[in-house]
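Student: Input: one structure, supplied below.
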Amino acid sequence: MKRLVLMLVAMAVMATLFTGCSKAGTDVTAAEIMDAIKEAYGEEYLPNTEIPAEFLESEFGLTPDMYKEVKAEQPMIGMHPDRVVVVEAAEGKAEAVEDALNAARERKLGDTMQYPMNLPKIHATKVVAEGDFVCFLLVGAINENMDMPEEEAKQFAEDEVEKGVQAFTGLFK
């Protein structure tokens with residue numbers, strides 16, 4: 001009996017320790033997600049200007065009723081397509097936010113007015129979601145090797161955006 005009680009107490013202590021070590025998705029903020037993404041890229045993170053609400057609506061289809069909080073940035077220099085949008089959706093709106101960001105991704109893919117050097121990065125764009133958080137990731141280091149074969153440039157861009165995906169999903173484990 002004593003062993004059973006000790007084992008139950010030990011299991012309760014371990015369960016408490018393990019739950020204290022991980023961050024539940026509801027404890028994360030859009031600002032913390034943005035910070036994690038910036039940290040993943042370090043000096044290679046190009047967005048440095050906040051995206052205003054009007055632009056969020058016109059480019060991404062995000063209206064104020066769709067979200068609780070948004071952190072969104074783009075580079076000040078217009079030739080870089082980078083955009084990072086982190087949204088905490090309003091209650092019951094996560095699917096609508098994800099749909100809007102995926103539609104924005106599709107519009108970017110169909111936009112023929114892009115610098116050719118940006119096409120691999122644009123094609124690597126991802127929208128990821130976890131609970132009420134949805135993230136649009138068009139981000140990564142600049143590929144300075146203009147002579148890189150198309151498949152290698154594509155892989156480079158995909159590897160770069162994956163850094164942001166990992167930073168995002170890592171906060172929910």
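The values are calculated or read from the model by the stated rules, or taken from the named source; none is laboratory data. Predicted model, so just to flag it, every value in this text is computed and none were measured. We place every Cβ from the backbone using ideal geometry, glycine too, and count neighbours over all the protein chains shown. The accessibility values were calculated without ligands, DNA or RNA, using every heavy atom of the protein model including side chains. Shrake-Rupley method; radii C 1.70, N 1.55, O 1.52, S 1.80 Å.
Student: Which residue is surrounded by the fewest Cβ atoms within 10 Å (Cβ to Cβ), if the candidates are limited to the range 29-76 and must be β-branched (Val, Ile, Thr) and over 13 Å from the mean Cα position of the chain (by Cα)?
Tutor: Here the answer is 49.
Student: Next up: Which condition number does residue 128 fail, the rest of (1) outside any strand (DSSP E or B); (2) farther than 15 Å from residue 44 by Cα; (3) open to solvent by less than 40 Å² (accessible area, probe 1.4 Å) being met?
Tutor: Here residue 128 meets the rest and fails (1).
Student: Being open to solvent by 70 Å² or more (accessible area, probe 1.4 Å) and part of a helix (DSSP H, G or I) is the filter here; which residues of the range 92-112 pass it?
Tutor: Within the range 92-112, 95, 99, 106, 107 qualify.
Student: Given the conditions (1) farther than 19 Å from residue 58 by Cα; (2) in contact with a Pro (Cβ under 9 Å, 6 or more places away or on another chain); (3) open to solvent by less than 40 Å² (accessible area, probe 1.4 Å), which single one is not true for residue 115?
Tutor: The number of the failed condition is (3).
Student: Now for a different question. Here are 90, 96, 103: which of them is farther than 18 Å from residue 171 by Cβ, at pLDDT 95 or above and in contact with a Phe, Trp or Tyr (Cβ under 6 Å, 6 or more places away or on another chain)?
Tutor: Going through 90, 96, 103 in turn, the sole match is 90.
Student: Out of all the residues in the range 144-157, is one or more touching a residue at least 40 places away in the same chain (Cβ under 8 Å) and either outside any strand (DSSP E or B) or more than 23 Å from residue 50 (Cβ to Cβ) (or both)?
Tutor: no
Student: Now for a separate question. Just checking, how many residues over the range 134-173 are among the charged types (D, E, K, R) and either under 14 Å from residue 40 (Cβ atoms) or surrounded by 14 or more Cβ atoms within 10 Å (Cβ to Cβ) (or both)?
Tutor: 6
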